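Report on the following structure.
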Amino acid sequence: MAHIDLKKLGKTFDNDVEVIKDLDLKIVNGEFLVLVGPSGCGKSTTLRLIAGLEEATAGEIYIGDKMVNNTPPKDRDISMVFQNYALYPHMTVYDNMAFGLKLRKYHKSEIKKLVEDTAEILELEKLLKRKPKQLSGGQRQRVALGRAIVRKPSVFLFDEPLSNLDAKLRVQMRTEIKKLHKTLKTTMVYVTHDQTEAMTMGDRIAVMKDGVIHQLDTPINVYNDPADKFVAGFIGSPAMNFLEGVIVDGHIVIEEGKYNLPIIEKHKELLKSSHNQKIIVGIRPEDISLSKESESSFEVNLQCDIVEPTGHEALIYLNTGKTEIICKTDKYDHSVMKKDDLTVYFDVNKVLYFDAENGKRIK
Ligand SMILES: Nc1ncnc2c1ncn2[C@@H]1O[C@H](COP(=O)(O)OP(=O)(O)O)[C@@H](O)[C@H]1O
Ligand SMILES: [Mg+2]
């Protein structure tokens with residue numbers, strides 16, 4: 001097992017595009033760390049730098065206590081699992097799993113034991129003689145996992161390993177990988193663009209945009225206490241609602257001028273220096289309800305565009321005339337579907353504030 005330490009890491013490709021900028025990240029020994037962010041933000045590049053598949057143009061990479069910038073990939077004691085499985089099509093499942101061990105000159109009997117033990121963990125025993133094309137997507141991904149864990153490396157790197165699977169299988173494999181981590185207790189770095197995967201799998205998650213980590217914390221802290229507007233909008237589904245407003249005389253005039261949001265006592269201090277300035281108000285869909293649920297509920301009448309029931313809850317798409325606002329509620333009846341206007345309640349105690357210029361949280 002090993003911890004990973006990235007210090008002022010930078011990567012600029014030949015075309016002078018700086019993809020990773022001054023990135024500092026400490027991954028604790030045995031941790032399941034998820035690196036999450038939109039497509040193109042530099043997640044795979046970061047992972048490939050750790051693996052040694054790309055060369056850093058600035059900074060240092062430590063695996064354990066060893067600086068590995070100049071260590072070739074095969075000597076870094078890591079295993080990587082890719083989105084496209086990257087199995088050898090002409091080899092059986094057994095040979096795919098044994099391949100890395102053969103390369104490293106393990107003894108034949110040892111290879112047999114390691115492959116069989118791994119096959120048991122991943123329930124692949126009955127598939128060992130098959131070729132990849134005789135397997136389903138989920139089975140192939142399990143073989144790719146098997147090939148990664150069979151060597152017992154000190155670090156696992158996963159690059160969107162579940163993206164090619166259908167929704168149901170993805171949820172199932174998510175649990176399997178978490179179980180695997182619980183069993184193996186090996187340091188795992190898991191890259192995904194899917195915030196649900198990040199939230200459900202990570203011990204901690206690093207939220208990345210344009211080669212920069214905006215926040216590194218536990219899923220619940222990232223959700224409840226986002227560092228800025230980007231993180232607040234990226235984590236959570238449906239996304240947080242944002243409204244522009246100006247603070248005037250102790251309340252927030254929402255730009256459309258249709259209503260003023262009150263500022264509760266405990267937030268007044270926070271917003272003192274933002275007086276007469278433009279700010280962004282953020283409220284999560286679940287903090288908007290159809291009935292007055294608390295002292296801090298604030299009534300707003302909005303146009304109702306559409307209602308999407310999903311079974312035990314519904315998403316209600318509302319409109320201020322300028323901004324779409326989503327309400328998520330499990331307390332609804334079918335009469336809401338027929339309404340053009342709705343009275344909803346913002347829980348102003350749960351509202352977050354952001355600087356309109358730089359998106360930083362005002363807190
Ligand atoms: N070999 C390369 N040469 C030039 N640009 C690259 C190369 N690899 C990746 N990039 C660019 O770096 C950025 C980050 O890519 P990547 O790390 O793959 O993002 P992600 O995995 O978050 O989707 C993208 O803009 C991509 O086009
Ligand atoms: Mg990628």
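May I ask you to list the residues in region 22-78 that are of a type in the set (Gly, Ala, Ser), within 16 Å of ligand 2 (Cβ to nearest atom) and in contact (Cβ under 8 Å) with a residue 40 or more places away in the chain? Give the steps one after another, and end with the answer.
Residues of region 22-78 that are of a type in the set (Gly, Ala, Ser), as a first pass: 30, 37, 39-40, 42, 44, 51-52, 56, 58-59, 64.
Those still in the list that are within 16 Å of ligand 2 (Cβ to nearest atom) too: 37, 39-40, 42, 44, 51.
Correct list: Gly37, Ser39, Gly42, Ser44, Ala51.
I need the full set of residues from region 337-351 which are over 25 Å from Lys363 (Cα atoms) and in contact (Cβ under 8 Å) with a residue 12 or more places away in the chain, in order please. Before you say what the answer is, go through the steps one by one.
Kept after step one, since they are over 25 Å from Lys363 (Cα atoms), are these residues of region 337-351: 337-344.
Met337, Lys339, Asp340, Asp341, Leu342, Thr343, Val344, listed by residue number.
So, Arg147, is that one in contact (Cβ under 8 Å) with a residue 40 or more places away in the chain, more than 16 Å from ligand 1 (Cβ to nearest atom) and among the basic types (Lys, Arg) or not? Break it down into steps so the answer makes sense when it comes.
Working: in contact (Cβ under 8 Å) with a residue 40 or more places away in the chain: yes; more than 16 Å from ligand 1 (Cβ to nearest atom): yes; among the basic types (Lys, Arg): yes.
Yes: the conditions hold for Arg147.
Across region 247-265, what is the number of residues that are within 18 Å of Asn349 (Cα to Cα) and without any contact (Cβ under 8 Å) to a residue 60 or more places away in the chain?
First, the residues of region 247-265 that are within 18 Å of Asn349 (Cα to Cα): 247, 250-254, 259-265.
Now drop any that are not without any contact (Cβ under 8 Å) to a residue 60 or more places away in the chain, which leaves 247, 250-253, 259-260, 265.
Residues that pass the stated criteria total 8.
Which count do you get for residues in region 170-217 that are within 16 Å of ligand 2 (Cβ to nearest atom), among the charged types (D, E, K, R) and surrounded by fewer than 19 Cβ atoms within 10 Å (Cβ to Cβ)?
3
If a residue has to be surrounded by fewer than 20 Cβ atoms within 10 Å (Cβ to Cβ) and touching a residue at least 24 places away in the same chain (Cβ under 8 Å) to count, how many in region 1-18 make the cut? Let's see the steps before the verdict.
Just the residues of region 1-18 that are surrounded by fewer than 20 Cβ atoms within 10 Å (Cβ to Cβ), to begin with: 1, 3, 5, 7-8, 10, 12-18.
Then drop every residue that is not touching a residue at least 24 places away in the same chain (Cβ under 8 Å), which leaves 1, 3, 5, 7-8, 10, 12, 18.
Total satisfying the criteria: 8.
Name the pairs whose Cβ atoms lie under 7 Å apart, with the first residue in region 159-179 and away from ligand 1 (no atom under 16 Å from the Cβ), the second of a type in the set (D, E, K, R), and 6 or more positions between them or separate chains?
Arg174/Glu197
Restricting to region 24-58, count the residues that are within 16 Å of ligand 1 (Cβ to nearest atom), outside any loop (DSSP other than H, G, I, E, B) and either surrounded by 17 or more Cβ atoms within 10 Å (Cβ to Cβ) or within 25 Å of the chain's Cα centre (by Cα) (or both).
Result for region 24-58: 14.
Picking from Ser294, Ser335, which residue would you name as being more than 29 Å from Val222 (Cβ to Cβ) and among the hydroxyl-bearing types (Ser, Thr, Tyr)? It would help to see each step written out before you state the result.
On the way: Ser294 fails: more than 29 Å from Val222 (Cβ to Cβ).
Unique residue meeting the criteria: Ser335.
Quick check: anything in region 344-359 in a loop (DSSP other than H, G, I, E, B) and among the hydroxyl-bearing types (Ser, Thr, Tyr)? Please lay out each step first, then the result.
Filtering region 344-359 for residues in a loop (DSSP other than H, G, I, E, B) gives 348-351, 356-359.
After this cut, where a residue has to be among the hydroxyl-bearing types (Ser, Thr, Tyr) as well, the list is none.
No, region 344-359 contains no residue that is in a loop (DSSP other than H, G, I, E, B) and among the hydroxyl-bearing types (Ser, Thr, Tyr).
Where in region 297-336 are the strands (runs of 3 or more DSSP E), entirely inside, with at least 1 residues that are in contact (Cβ under 8 Å) with a residue 60 or more places away in the chain and within 32 Å of the chain's Cα centre (by Cα)? Walk me through how you get there before you give the answer.
Details: elements: 297-309, 314-319, 324-329.
The qualifying strands (runs of 3 or more DSSP E) are 314-319, 324-329.
With in the same structural domain as Thr46 (by TED's automatic domain parsing), under 30 Å from Lys26 (Cα atoms) and either at pLDDT 95 or above or not in a loop (DSSP other than H, G, I, E, B) (or both) as the only criterion, which of Arg151, Arg174, Arg130, Arg140 stands out? Spell out how you get there, then give the answer.
Values: Arg151 fails: either at pLDDT 95 or above or not in a loop (DSSP other than H, G, I, E, B) (or both); Arg130 fails: under 30 Å from Lys26 (Cα atoms); Arg140 fails: under 30 Å from Lys26 (Cα atoms).
Answer to the selection: Arg174.
Quick check on my filter: what residues within region 258-273 are under 26 Å from Lys322 (Cα atoms) and not in a loop (DSSP other than H, G, I, E, B)?
Asn260, Leu261, Pro262, His267
The values are calculated or read from the model by the stated rules, or taken from the named source; none is laboratory data. Just so it is clear, the structure is predicted and the values come from calculations on it, not from any experiment. With ideal geometry, Cβ positions are generated from the backbone for all residues, glycine too; neighbour counts draw on all protein chains shown.
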